[in-house]
1. Would you mind ranking Val86, Val69 so that the residue whose beta carbon has the fewest other beta carbons within 10 Å leads the list?
2. What distance in nm separates the simple spin-label points at Met38 and Gln15, each placed 7 Å from Cα in the Cβ direction?
3. Take each of the peptides 88-96, 25-33, 60-68, average the number of other beta-carbon atoms within 10 Å over its residues, and list them starting from the highest.
4. As a footprinting exposure proxy, order Glu58, Glu77 by other Cβ within 10 Å, with the fewest listed first.
Amino acid sequence: MTASDDRVLAGIARQLAQLRRVPADVLAKIVADDGACMQVIAENGPPRWLHQAGSDRELAARLCAGCPVQLECLELELRMFGEQTVGVWGALGEDDRRALVPHWRRLTNGPSRPVAGEVRSGREHREPGRGER
């Protein structure tokens with residue numbers, strides 16, 4: 001990662017800090033209602049982007065282009081899974097989000113470990129693990 005990348009991630013973390021007081025269930029509803037990817041998933045059949053070639057970063061750019069809730073999506077994912085993240089969330093691929101986590105934690109006092117299962121919107125990306133509710 002370059003110093004330029006690091007500055008970009010720090011800037012994203014500063015934007016996310018503005019969402020820190022928004023409850024997770026509210027973020028989940030916003031993402032479910034307005035997320036561009038949710039509109040694609042809501043159609044009958046598998047998402048059009050499911051088997052497209054390209055890197056995680058390229059998929060994020062295509063899938064999230066113009067999505068009005070990128071920051072809300074990203075904040076929700078970081079709260080739920082932190083460094084244990086998979087897939088594309090908030091216009092960032094996995095590697096980019098993992099690199100963002102330390103900046104996010106520093107600026108938002110984010111959890112030191114993921115709090116998966118915190119949100120029960122019915123649109124989570126995985127089932128809670130053992131001992132989680």
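What follows draws every value from the coordinates through simple rules; no lab data is involved. Remember, it's a predicted structure, so these values are computed and weren't measured experimentally. Don't worry about glycine lacking a Cβ; one is built from the backbone with ideal geometry, like all the others, and counts go over all protein chains shown.
1. Val86, Val69
2. Between Met38 and Gln15, the simple spin-label model gives 1.9 nm.
3. Listed from highest to lowest mean packing, they are 88-96, 25-33, 60-68.
4. Fewest to most other Cβ atoms nearby, the residues stand as Glu58, Glu77.
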